[in-house]
1. For chain B, with only Lys/Arg (+1) and Asp/Glu (-1) charged at the beta-carbon, what is the dipole magnitude about the Cα centre, in debye rounded to 20?
2. Looking at the calculated P(r) for chain B, what percent of the C-alpha pair distances fall above 38 Å?
3. Holding the Cα-Cα limit at 31 Å, pick out from A:LYS286/B:LYS212; A:LYS364/B:LYS286; B:LYS271/B:LYS323; A:LYS212/B:LYS90 the pairs that are longer than that.
4. On a 0 to 90° scale, report how tilted helix A:20-31 is relative to the longest principal axis of chain A, with both axes built from alpha carbons and the result rounded to the nearest 10.
5. Give the longest segment of chain B that steers clear of chymotrypsin sites (Phe, Trp or Tyr not before Pro) in DSSP loops with at most 15 neighbouring Cβ atoms within 10 Å, not counting the sites themselves.
6. Would you please report the Å³ per residue occupied by the convex hull of the alpha carbon atoms in segment B:258-417?
7. If you fit an axis through the alpha-carbon atoms of helix A:329-343 and take the longest principal axis of the Cα set of chain A, what angle between them do you get, 0 to 90°, nearest 10?
8. Which distances, in nm and shortest first, link the A:ASP213 label point to the same label point in every other copy, taking 7 Å along Cα→Cβ?
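No value in this document is a laboratory result; all are computed from the given coordinates. Not measured: the values here are computed from a predicted model. No Cβ is skipped: glycine too gets one built from the backbone with ideal geometry, and neighbour counts run over all protein chains shown.
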There are 2 protein chains.
Amino acid sequence: MKAEILCVGTEILLGDIVNTNAAFLSRELAKMGINVYRQTVVGDNANRLKASLRDALDKNDIVITSGGLGPTYDDLTKETAAALFGLELKLDEASKETIENFLKMTHRKITPTLMKQAYLPDGSYALKNDCGTAPGVYLEKNGKVLVMLPGPPRELQPMFLNYAEPKLMKLTEKTMVSHMVHIFDIGESTVETQLREMMTTMTNPTVAPYAKDGEVTVRVTAFADSETAAEAMIKPVIDEIQTIIGNKHIYGIDVPNLQTALVQKLKACGKKIATAESLTGGLISKRITEVSGSSEVFECGICSYSNRIKNKVLGVPQETLDKYTEYSAETAAAMAEGVRRLSGAAIGISTTGIAGPGGGTDEKPVGLVYVGISTEHKSDARELHLSRGFGDERELIRYLASSHALYLALDELKDQFGQ
Amino acid sequence: MKAEILCVGTEILLGDIVNTNAAFLSRELAKMGINVYRQTVVGDNANRLKASLRDALDKNDIVITSGGLGPTYDDLTKETAAALFGLELKLDEASKETIENFLKMTHRKITPTLMKQAYLPDGSYALKNDCGTAPGVYLEKNGKVLVMLPGPPRELQPMFLNYAEPKLMKLTEKTMVSHMVHIFDIGESTVETQLREMMTTMTNPTVAPYAKDGEVTVRVTAFADSETAAEAMIKPVIDEIQTIIGNKHIYGIDVPNLQTALVQKLKACGKKIATAESLTGGLISKRITEVSGSSEVFECGICSYSNRIKNKVLGVPQETLDKYTEYSAETAAAMAEGVRRLSGAAIGISTTGIAGPGGGTDEKPVGLVYVGISTEHKSDARELHLSRGFGDERELIRYLASSHALYLALDELKDQFGQ
């Protein structure tokens, strides 16, 4: 089945917001085996919206729109769709009630303008909005399916997952199952070389790697008559990927990110971690505490952004700082050890280095990073070169450094406690 | 002048990457007064790319593409464009040399596949790629302008700004100038109400507010024959906005974000800041250290994620924690004071509260946040309620809390040292 995503909103055309809705919807549709052939963005303009909607419906089985369902005069999506299909807008009692309740709850007045949101194309099905006032619309007519969703991602995402996706699932005959193999510390080209045969010869399941923010994710997707059958097709493929890539570099399957994998592993091992950050400035502790429930395994992070604090709070010896400078494996190891002792955690991790744009020298260039780790058995550091040599790399270098520190801790736990 | 942005890449249609190129290009074109009427995304498919490119060129004066300029067989943008305009691809010597140098520099071999990138439509103009191997293309033909840029944002952005924009600027007759007024701690609807008259009556300059991540930005844009004339039109409008909104709530004009405004202000005042974070887990120190040169004003951040560390490292009295709990104004104030004393900074800021999804009670619900501030004169805290009542709000609550802490420090500096 072919689909198009049509996003409506002048703010997207002005570049004021990044169109994350298109990415979210594309990903979800891909999971269902619905192929998105085009994403389009148009402004809040009746004529151009109409032309784009007609074109999208002509060329596709399914069209998903986002935006233009609100109460103001320039919210036109429902009106335009109704006109295209020759349908009237009718008051939907359930939506009316939801809107009334929502307004009451948030102490706002019920106005006719706001009630405009409860009018839906005749014969369509209201998609409940658990996070706002504008209901979505599911409309099946003339062999086409049109799903209209609100613009704010916080409203669109739960509405799609809870109410639109179950209806769309019924349209597809096969079940699709995807699993993601998350890989760190190997480059994309190496992964591609190692998996080339699988990637090029297999058609179901398919194997597709992609790289982002210094990580490689391999998506394995199977279509089958049932979920069980799809899972059975995927399992040997993932086993083979694990054999080829090696479990050392696979930090998780279907985990959202490195920090979640690390928090899960720490919980499983009953260990705590502490962070000492210079270069990353709090990014590692921020990423760890992103994970709900991380307080079980994380108590203390020190951002020591000067040598004085490295010495005073973390106890990095002044001689180490003087002899090796703050950009050294010795300092990184001492920072990790310092925060481990200070906090009483089992593992301490640290970062120090030069994120740029200023501060680099020939000897210690921008991108030179030391990631430290300390346990009761050892205090160590790894030297990394994270510059790609162009552009403003400060945030990228910091992010990659934080990922390496998280990975180092995870790897250590695997060494100590098994996979 | 009308423009369309056409992004090419199956990875966008699969939702594997968010299309930030479209937002970047839209923003830059808007600044030049070029109206983007549509953004389109198609996959790496010759027929669909051709149809979309033809349609975009039919309906617009300018078409900007991103993606599909690389060396592999599914990079088709240049080939498709050349075919549409009836042009041959010819070797561009300068691009050939650039590619050779780039490959040498990165110790890679020169292959015919890679050299494919140096072939451009006859009569077109090569846009230099300072961050990769694929040059861009600027083609003016049959009254249309087609600009083809590479897909990776790190290559596209500098190429557009340095090489494409100057050529496009020559097409527009007027000069456009925009300034951004950055507002915090007032809701979007309040700002809209206060500025409604300006927004609805003015046409040049225009006044347009938009809200993002708990902040409101008002964009003031003027078109004129010269930059000086545009600036002169904008100045009284910004003055008026400052009068209406009040300087307390305007944290900067044309500053990238709160953390940059704060670091600039700290530098101007010659003061240092330190952070003590519970709820935000390092996000504040991460945001401060995002700003290049922040080491002048920031030395020490403590992420005290447990009461034990709040007491042991920050010196929050055990009685305070016992009597008021960690979610209290008293604890926030003591944390801020603790980190100020520990670090020797002039200002300490802190956060504590409940980010959810777990941990909330009727008395202390998710979203209850205390932001603390300490100077030599006082240690204080502000209570905030940051939950909107639906969805997974953890990251939003943490982000808003970090913004409030940064704003509180900035406000304090303004009180002490003037605007």
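1. Working: 46 positive and 54 negative charges, 125 e Å.
With only Lys, Arg, Asp and Glu charged at Cβ, the dipole is about 600 debye.
2. Values: 35189 of 87571 pairs.
Above the 38 Å cut-off, chain B has 40 percent of its Cα pairs.
3. Details: A:LYS286/B:LYS212 21 Å; A:LYS364/B:LYS286 23 Å; B:LYS271/B:LYS323 33 Å; A:LYS212/B:LYS90 33 Å.
Long pairs (Cα-Cα over 31 Å): B:LYS271/B:LYS323; A:LYS212/B:LYS90.
4. With rounding to tens, the tilt is 90 degrees.
5. Working: sites that count: B:TYR73, B:PHE390.
The answer is B:74-389.
6. Values: hull volume 15.4 nm³, N = 160.
So the per-residue Cα hull volume is 97 Å³.
7. Between helix and principal axis, roughly 80 degrees.
8. Copy-to-copy label distances for A:ASP213: 1.3 nm.
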